[in-house]
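Single-structure report; data block below.
The values are calculated or read from the model by the stated rules, or taken from the named source; none is laboratory data. All of these numbers come straight from a predicted model, not from anything done at the bench. Every residue, glycine among them, receives a Cβ derived from its backbone with ideal geometry; neighbour counts consider all protein chains shown. To get the accessible areas, we keep the full protein, side chains included, count just its heavy atoms, and leave off ligands, DNA and RNA. Shrake-Rupley method; radii C 1.70, N 1.55, O 1.52, S 1.80 Å.
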Amino acid sequence: MTISLQGVSVSRGVAIGQVHIVQRDQLDVHEYKIRKTQLDDEILRFNDAIALSRQQLRAIRDHIPVSTSVDISAFLDTHLLMLEDVTLAEEPKRIIKERLCNAEWALKLQRDALVNVFNEMADSYLSTRRDDVDHVVNRILRVLLNQKPLLHEVPNNNIKNRIIIADDLTPSDTVLMQHYGIAAFATEYGGPTSHTAILARSLGIPAIIGLHNAHRFIKNDDMVIVDGSTGVVLVDPDRSTKSYYEKSQRDEKRYYVSLGKLKNAPTQSKDGISIMLMANIELPKDFESVRDVGAKGVGLYRTEFLYMNRETPPDEEEHYETYLNVLKALRGLPLTIRTLDLGADKQVDGAGNQTGHVRSNPALGLRAIRLCLKEPELFRPQLRAMLRASAHGPVRIMIPMLTNIQEMQQVLQMIDDLKKELDNQLIKYDTDIKIGGMIEVPAAAICADIFAKKLDFLSIGTNDLIQYTMAIDRVNDEVNYLYDPLHPAVLRLIKTTIDAGKKAGIPVSMCGEMAGEKEHTQLLLGLGLREFSVHTSALLEVKKIINNTDISELKTLTKKVLNAATGAEINLLLQQLATETA
Ligand code: PEP
Ligand code: MG
């Protein structure tokens, strides 16, 4: 019998295939005492587990093709180094001897001690490294407990074309799994604008989140259909359902081929208004696709993915080289590089949620520009690299999560100081480099006019703007229902920001997920938005809508929308418009 499960759709596309279940954090570790005579055997067992873990990691590293993004290799190298480190390779043996306990327990005690040290660290970049400790410790524990490593953590083709059903996935899991060719994924938890979801869209993997109780209904090797557009997972579909979805897979392919024809067309509304359509990028594989879809530049380059899966942050040279590579791929198109936006859901690589120490309200904590200003040694190399890269192509600097004017002034001052430093060292940069800010905190949207006076451009980050306006954590599936881009408060903040930019004569773009959602394109045009930055997979669809819209006809709709009391009312107005203009 076919079972239908409903989740929240985060990345479109249909996938049909067999399930592979990923369930982490199931490691049950208990203490038991050993006799003195067993000591040597227990130490040997621990040494063997370290050796086998090392073997597993080396095998993965040796199997990944050279084209793999550097972050995956760096992530593996970091874990290999940790296996050599005395804190993990030696200290547990001291504990075994001292307590006469089993190796698993000694390793767990050492892990707890290390995690406590990380949690105490004021440096929030380093404190995120506790997740790496967990990754490595869990790998060793799985060996000690005779459990198999998770499939995507060993080199194999067994998850190729599989549909991953997981409790939760981190951004690094997602990258690794995509590398092994998974067909789709569905998770029980997470939010639609979590970075795992954004990554899924950018990697083009159909994905669903919030599929509660999936593990109760889906087993390994079950045949399932994932419909990324509706958020539905069908378990054990009958023949006719399967052929219906196979047809929709073919239709989808044809639809994307037909959209491809728009690639070289200008982005212009029916009444002749030119719209700037740019791309959001994250991973090296995205660099090339910007030109492939005919984007007019990059409106958001999320650089935090450069920091993922490694022990130390990238230095100035690495930033510089990466930016040069992107500029090279863009061949003259503008590149908007966002300064590091680490924190909240962008800091967990692995089984981090079992550390037992999660700062309350991380989304309201030391994130993005707050973190960078607190840790200038983390920030400066990136800013310097951006300035240096600007000598080689059109680079713009974008500051995330501005809340107050002082933060903006501090950053502008830092950039000025760095320019002087570069002048003294006779290093070239674009003296007219444009500096913009993201409007993603309601305080900044309300005061957008003040920011607009000092900045060269603004970009609306709706993922965070909605999260902070609605007071919901964007990765918490229990409050997902409140995530509403059409809430009148959100629309008013967007309008305030667009109007402020217009008044100050600076461009305002939108780079949050809302910009790439085709059902919102006309509304945004009506609100006065003229620059969009969207993930490449959504770009041509948005272009199609723009080119089919007469913006002058949207005035009445926009007025009605701005006077509506609820998101549902606004949604209805948009649906009516869509049928009228279809
Ligand atoms: C946003 O908040 O809308 C945004 C584009 O930034 P991020 O999703 O990376 O937080
Ligand atoms: Mg944001």
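Search segment 390-408 for residues that are more than 16 Å from ligand 1 (Cβ to nearest atom) and small (G, A, S) and pair each with any residue that is open to solvent by 40 Å² or more (accessible area, probe 1.4 Å) and part of a helix (DSSP H, G or I) when their beta-carbon atoms are under 9 Å apart and the residues are at least 6 apart or on different chains.
Partner pairs satisfying both residue conditions: G393/L324; G393/K328.
List pairs: first in segment 451-480 and not assigned by TED's automatic domain parsing to the domain that holds I399, second within 13 Å of ligand 1 (Cβ to nearest atom) and open to solvent by 10 Å² or more (accessible area, probe 1.4 Å), Cβ under 7 Å, 6+ apart or cross-chain?
Once the first residue is not assigned by TED's automatic domain parsing to the domain that holds I399 and sits in segment 451-480, no partner that is within 13 Å of ligand 1 (Cβ to nearest atom) and open to solvent by 10 Å² or more (accessible area, probe 1.4 Å) comes close enough.
Kindly state which helices (runs of 4 or more DSSP H) lie completely within segment 418-500 and contain at least 1 residues that are more than 16 Å from ligand 2 (Cβ to nearest atom) and open to solvent by less than 20 Å² (accessible area, probe 1.4 Å).
Working: elements: 442-446, 448-454, 462-470.
Per the criteria, 448-454.
Pairs under 6 Å by beta carbon, first residue more than 25 Å from M1 (Cα to Cα) in segment 236-259, partner open to solvent by less than 70 Å² (accessible area, probe 1.4 Å), six or more apart or different chains?
L259/L540
Kindly indicate whether any position in segment 537-547 is open to solvent by 70 Å² or more (accessible area, probe 1.4 Å) and not polar (S, T, N, Q).
yes
With open to solvent by less than 50 Å² (accessible area, probe 1.4 Å), in the same structural domain as E304 (by TED's automatic domain parsing), in a loop (DSSP other than H, G, I, E, B) and not charged (D, E, K, R) as the only criterion, which of M401, M414 stands out?
M401
Within segment 269-286, does at least one residue satisfy the condition of being outside any loop (DSSP other than H, G, I, E, B) and of a type in the set (K, R)?
Checking segment 269-286: at least one residue is outside any loop (DSSP other than H, G, I, E, B) and of a type in the set (K, R).
Return yes when D236 is outside the structural domain of E519 (by TED's automatic domain parsing), open to solvent by 10 Å² or more (accessible area, probe 1.4 Å) and at positive phi and no when it is not.
Yes.
Only one of T241, T196 is crowded, with 24+ Cβ neighbours inside 10 Å, of a type in the set (S, T, Y) and not in a strand (DSSP E or B). Can you tell me which? Show your work before the answer.
On the way: T241 fails: crowded, with 24+ Cβ neighbours inside 10 Å.
Residue meeting the stated conditions: T196.
Within segment 337-350, is there a residue that is in contact with a strand residue (DSSP E or B) (Cβ under 9 Å, 6 or more places away or on another chain) and modelled with pLDDT under 95?
yes
With the structure loaded, tell me whether V534 is in contact (Cβ under 8 Å) with a residue 60 or more places away in the chain, within 16 Å of ligand 2 (Cβ to nearest atom) and of a type in the set (V, I, T) or whether it fails that test.
So V534 fits the description; yes.
How many residues does segment 1-41 hold that are open to solvent by less than 40 Å² (accessible area, probe 1.4 Å) and assigned to a helix (DSSP H, G or I)?
Residues meeting the conditions: 1.
Search segment 559-582 for residues that are more than 19 Å from I546 (Cα to Cα) and pair each with any residue that is of a type in the set (D, E, K, R) when their beta-carbon atoms are under 8 Å apart and the residues are at least 6 apart or on different chains.
L562/R492; L562/K495; G567/D484
Those residues that are closer than 18 Å to T336 by Cβ and open to solvent by less than 50 Å² (accessible area, probe 1.4 Å), I need them from segment 308-325; list them, please.
Within segment 308-325, H319, Y320, T322, Y323, L324 meet the criteria.
Would you please name the residue that is surrounded by the fewest Cβ atoms within 10 Å (Cβ to Cβ), looking only at residues in segment 278-289 that are away from ligand 1 (no atom under 16 Å from the Cβ) and touching a residue at least 60 places away in the same chain (Cβ under 8 Å)? Talk me through it step by step, then tell me what you get.
Within segment 278-289, the subset away from ligand 1 (no atom under 16 Å from the Cβ) is 284-285, 287-289.
Narrowing further to those that are touching a residue at least 60 places away in the same chain (Cβ under 8 Å): 284-285, 289.
Working: P284: 18, K285: 16, S289: 18.
Ranking the candidates gives K285 first.
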